[in-house]
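The values are calculated or read from the model by the stated rules, or taken from the named source; none is laboratory data. This structure is a prediction, so every number in the text was calculated from the model and none was measured. We place every Cβ from the backbone using ideal geometry, glycine too, and count neighbours over all the protein chains shown. Ligands, DNA and RNA are excluded from the accessible area calculation, which covers all protein heavy atoms including side chains. Shrake-Rupley method; radii C 1.70, N 1.55, O 1.52, S 1.80 Å.
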Amino acid sequence: MSAQRSGLAKRLVADQLISCAQAQWAMQSAPNDDSTFVSRLTCVAGVSPAAIAHSAADEFGLPLLDLNTIDQGAIPQRLVEPKLIAKYGILPILHKKNHVVLALSDPSIIPALNEINFQTGLRSEVVLVADDVLKTAIKNYLSQLEDGEVDIAAAYSPHLDELHLVGDETTDSHSDESEQLDETPIVRFVNKMLLDAIKNGASDIHIEIYERSYRIRFRIDGVLHTATRPPHNFASRIASRIKVIAKLDISERRLPQDGHIKVKLAQSRALHFRVSTLPTHWGEKIVLRLLDPASARLGIESLGYSDWQKEQVLQAISRHQGMVLVTGPTGSGKTVSLYAALNFLNSGEINIASAEDPVEINVEGVNQVSISSKIGLDFATTLRALLRQDPDVLMVGEIRDRETAEMAIKASQTGHLVLSTLHTNSAAETLSRLRFMGIPPYNIATAITLIIAQRLARKLCDHCKECAEFPEKVLRDQGFKSTEIKHLQIYKAKGCEKCRDGYRGRLGIYEVVPITPAIARTIMDDGDALKIAEQARAAGFDSLRRAALLKVSQGLTSLEEAIRLT
C-alpha cells in the first residue's frame, strides 16, 4: 500500500467523505481489477469526484485544476505514449521547455511517473483534477488521437470564445508586453473563471499566490470557497492576462492598481468586474468584484423589509430634506440599498447627484461623480461642487471624515435629501460615531431622519432544509421570547446538489430606526450608544438580532446564521 494512498484514505475519512470500512475495501479491491483507489470510490462507493479532488489537493499540497479550462492548444500530442496514458490514468496538458504538466486524479500513482519521465525525457509536474472529468477527457483524447485530431476543449467549453471582455477605456496601459500574452490556454482559463464566477453567483473572485501554492476562491453568499488551484507557474501569466483586459500596466508589480472589466454575455446583457491588484510577498494578489447593473434597478419592495420597515424607509426618502444613513460592514448590501432608494426617486422632476468611490454601477438619470483622491477630488470637494449644481437629492458613497460629515449635514438642513453610508455595527453606534467625528449633538438630532443598519444572511435551501431542535433555554438566551418558543419551528442547513452547504442565495436583515423626539432628546443630552439603543427598544424598534430571529422563525435562515451575523 503506497503512502499516498494511505494518506489520502485517512484524509477522506477525516473529511467524512467515506467510512473506514469503505477506505479499507477500496484499498484492497483496487489492485485486483486494475483500477485506482479514487476510481473505486467514485464508481462503487458513490463519493463525489470533485470532493475527493479538493481533499487530495489540500492533503498533499498539489494544485487543483478544472480540466474544463484546458483546450487543444494546451494538450501536447503524442508526447506521452497512449499506453502509458491509459495505464496510469493521466493526461498531459502542457509541455514547456524541459517539463510536462500531467493531470491525474489519484496521488497514489505519483511514484509510478518515473516511467513517463524516462519515456519523455522531461521532468513531470502534476495537477489534480476530478476523476470523472479526467476519464472523459482521456477517452476523448485517445479516440481522437487515433484519427490524428485532438479537440478536447470543444466538449467542455463551447462558448468561451464568445465571451467578450472590455477593459476600462479611461485607464491607459503603458505596457508593450500585451501582444505577447495572447496565449490561448491562459485566455480561455481566465474566460472560464469569470463565467464560473457568474454562474455560481459569486460576488468576488480572490486570486492568491503563496510560496508553494496558488489558489482561486469565489465568495458565494458571503463565504469564500476554493474554486481551483492552478499550477504555481501559471500565476504571472494569469495576472498579466487580467491586467491586460483591465487596461492596467502589466510591467508595474510593486504598486497596487485598480481597473475595470466589462463582460458582454449577450447583445443586451453585460456585467462588470472591478479589479484590484495588491503586491504581496510572493506575488500579486488580485480581487475582482462582480458588479451587476441589475442591482441598481431593484425596488424597495424587493430588499426584504418588513411592512413597517418599508413604510418608514419610503416616508424618509420621500421628504424634501433630511439625511438617511445606511450602516453595516463591507459586503452587507449598503450600496444596493442606496441604489434602490435612488431608483425609487429617479424621475424627470428632480435633480439627483452622487459622489461615489468609485462609481460601481451606472444609473441613467443620476449625475454620478467618481472620487479620485490622487487629483484632490475627495468627497468634501465633490459635495461642495454638487451643492452649486441645484441638486434635490444627494447620494454620498461614504462619510469618512468630519469635513464630509459636516457638509452632508449642512446639505440636509438646507433643503436637500441626503443619502449616505457609514461603517458601524448598529444604528445607535452610527449616532455615536458622528459624535466622535466632532459633529455637535444638535446637528445630529435635527439633520438625521432615519438610520438603517443591515446585514446579508445566507438563505436556507428550500430543497433540503430540515427541522432542528434546540433546548428552550438556548432559544431564550439567543433572544426568543417564551411566548414565541411554544409554536416555533426552526430549520437547519443540510446540503444537496442544488445548493452549497445547505444555503442558496442571501436575504437582508434590517434594523430600521426613525429618529423620534425621545431619541433626539437622548442625542441632545449627549447620550452614548447604549442609551440610544434603549430608547429605540422602548419605542418598539427591532434590533438586528430580533430582525434576524424573525427570519429564523419564518424558516428563511438558520439560527446559526443569525448568531453569526448579529
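Checking each residue in the range 60-107 for being of a type in the set (Asp, Glu) and modelled with pLDDT under 80 picks out only Asp71.
Assessment of the range 225-248 against the conditions (open to solvent by less than 30 Å² (accessible area, probe 1.4 Å), of a type in the set (Lys, Arg) and on the phi < 0 side of the Ramachandran plot) yields at least one matching residue. Cβ separations smaller than 8 Å between residues 6+ apart or across chains give the following pairs from the range 95-120 residues that are farther than 18 Å from Pro230 by Cβ to residues that are open to solvent by 60 Å² or more (accessible area, probe 1.4 Å) and modelled with pLDDT of 80 or more: Asn98/Arg123; Asn117/Arg123; Gln119/Glu81.
Residues checked against (1) over 36 Å from the mean Cα position of the chain (by Cα); (2) not aliphatic (A, V, I, L, M):
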residue: Val47; (1), (2): no, no
residue: Glu59; (1), (2): no, yes
residue: His99; (1), (2): no, yes
residue: Ile110; (1), (2): no, no
residue: Asn117; (1), (2): yes, yes
residue: Asp132; (1), (2): no, yes
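Scanning the range 340-354 for residues that are part of a loop (DSSP other than H, G, I, E, B) and either in contact with a Pro (Cβ under 9 Å, 6 or more places away or on another chain) or small (Gly, Ala, Ser) (or both) gives Ser347, Gly348, Ile350, Asn351. If you go through the range 534-546 and keep only what is under 11 Å from Glu511 (Cα atoms), outside any loop (DSSP other than H, G, I, E, B), more than 24 Å from the chain's Cα centre (by Cα) and among the hydrophobic types (A, V, I, L, M, F, W, C), you end up with just Ala536.
Each row is one residue, and each column tells you yes or no for (1) modelled with pLDDT of 90 or more; (2) crowded, with 20+ Cβ neighbours inside 10 Å; (3) touching a strand residue (DSSP E or B) at 6+ places or on another chain (Cβ under 9 Å); (4) under 25 Å from Gln535 (Cβ atoms).
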{"position": "Val393", "(1), (2), (3), (4)": "yes, yes, yes, no"}
{"position": "Val396", "(1), (2), (3), (4)": "yes, yes, yes, no"}
{"position": "Met407", "(1), (2), (3), (4)": "yes, yes, yes, no"}
{"position": "Gln413", "(1), (2), (3), (4)": "yes, no, yes, yes"}
{"position": "Leu419", "(1), (2), (3), (4)": "yes, yes, yes, yes"}
{"position": "Pro440", "(1), (2), (3), (4)": "yes, no, no, yes"}
{"position": "Thr449", "(1), (2), (3), (4)": "yes, yes, yes, yes"}
{"position": "Ile452", "(1), (2), (3), (4)": "yes, yes, yes, yes"}
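In this structure, is Ser337 crowded, with 19+ Cβ neighbours inside 10 Å, within 25 Å of Ile409 (Cβ to Cβ) and of a type in the set (Ser, Thr, Tyr)? When the stated conditions are applied, Ser337 passes them. For Gly508, are the conditions met, namely being crowded, with 16+ Cβ neighbours inside 10 Å, farther than 26 Å from Leu456 by Cβ and among the small types (Gly, Ala, Ser)? The answer is no for Gly508. Residue check: Lys310 meets all listed conditions (1) in a helix (DSSP H, G or I); (2) crowded, with 19+ Cβ neighbours inside 10 Å but one, namely (2). Of the set (1) closer than 26 Å to Pro185 by Cβ; (2) open to solvent by less than 60 Å² (accessible area, probe 1.4 Å), all apply to Arg274 but (2).
Inclusion of Asp66 among residues that are in contact (Cβ under 8 Å) with a residue 40 or more places away in the chain and within 23 Å of Asn233 (Cβ to Cβ) is warranted. None of Ser354, Ser332 is open to solvent by less than 30 Å² (accessible area, probe 1.4 Å) and under 24 Å from the mean Cα position of the chain (by Cα) except Ser332. Of the residues making up the range 454-489, those that are surrounded by 20 or more Cβ atoms within 10 Å (Cβ to Cβ) and in contact with a strand residue (DSSP E or B) (Cβ under 8 Å, 6 or more places away or on another chain) number 9. Residues in the range 511-566 that are open to solvent by 50 Å² or more (accessible area, probe 1.4 Å) and in contact with a Pro (Cβ under 7 Å, 6 or more places away or on another chain): Met524, Asp526.
Do we have any residue at all in the range 355-373 that's in a loop (DSSP other than H, G, I, E, B), of a type in the set (D, E, K, R) and at pLDDT 90 or above? No, the conditions are met nowhere in the range 355-373.
Could you please give the count of residues in the range 255-271 that are among the polar types (S, T, N, Q) and open to solvent by 80 Å² or more (accessible area, probe 1.4 Å)? Before you say what the answer is, go through the steps one by one.
Restricting attention to the range 255-271, the residues satisfying the condition of being among the polar types (S, T, N, Q) are 257, 267-268.
Restricting the remaining residues to those that are open to solvent by 80 Å² or more (accessible area, probe 1.4 Å) gives 267-268.
Qualifying residue count for the region: 2.
Between Ala385, Ala380, the distinction of being outside any strand (DSSP E or B), out of contact with any Gly (no Cβ under 8 Å at 6 or more places or on another chain) and free of Cβ contacts under 8 Å to residues at least 24 places away in the same chain belongs to Ala385 only.
Could you identify the single residue in Arg388, Arg384, Arg400 that is in contact with a helix residue (DSSP H, G or I) (Cβ under 8 Å, 6 or more places away or on another chain) and farther than 23 Å from Ala529 by Cα?
Step by step, each of Arg388, Arg384, Arg400 is checked, and only Arg384 is in contact with a helix residue (DSSP H, G or I) (Cβ under 8 Å, 6 or more places away or on another chain) and farther than 23 Å from Ala529 by Cα.
Among the residues of the range 183-219, those that are open to solvent by 10 Å² or more (accessible area, probe 1.4 Å), hydrophobic (A, V, I, L, M, F, W, C) and under 29 Å from Gln454 (Cα atoms) comprise Ile198, Phe218. Within the range 292-303, the set of residues being open to solvent by 30 Å² or more (accessible area, probe 1.4 Å) and assigned to a loop (DSSP other than H, G, I, E, B) comprises Asp292, Leu298. Scanning the range 490-504 for residues that are open to solvent by 60 Å² or more (accessible area, probe 1.4 Å) and under 16 Å from the mean Cα position of the chain (by Cα) gives Arg500, Asp501, Arg504.
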